[in-house]
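I have placed the structure first, in the form of structure tokens, so that the comments after it can refer back to it.
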Amino acid sequence: MKITHYEFGWISVDDNDYRSDVIISPDGVQDQWWRTQGHSLAIDDLEAVVQSKPEVVIIGSGYYGRMQVPDATREYLAGKGIRVEIATTPEAVVRFNELQQNCARIVAALHLTC
């Protein structure tokens, strides 16, 4: 999968458009991804990510980086053997596309606004 376009509130994955937060995994795109605590990423928000058994998860914290990733969430993923990279969503999109070339099990969890 490749992210072909991103701008505030809109992402295109393999030329399919989404206007809500997404999780992108080798199994496909889960759109309309909502977090239980809004701009804080809780462990429970990542159930689909963990089920995909990724090597790496790229977290897009929003266009301006306003979504927080608490230490407990980072530690939970690390405890599952998942490498975590967190960046603003524009940076996360670039990183996801870069890693796609070399990493078979990569997942992106992207907040598209804020």
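Quick notes on this structure:
- Here the Karplus curve 6.51 cos²θ - 1.76 cosθ + 1.60, taken at θ = phi - 60°, turns the phi angles of region 77-94 into couplings of 5, 4, x, 8, x, 9, 6, 10, 10, 10, 7, 4, 4, x, 5, 5, 4, 4 Hz, with x standing for Gly and Pro.
- Here the scattering of the chain is modelled by Debye summation over its C-alpha atoms, one equal scatterer each and no solvent; at q = 0.14, 0.20 Å⁻¹ the log10 of I(q)/I(0) is -0.47, -1.03.
- Packing-based ranking, highest mean first, of 63-76, 22-35 given that Cβ atoms within 10 Å are counted: 22-35, 63-76
Coordinate-derived values only; no laboratory data. Keep in mind that what you see is a predicted model, and the values were worked out from it rather than measured. When we count neighbours, we look across all protein chains shown, and the Cβ atoms used for this are built from the backbone with ideal geometry, even at glycine.
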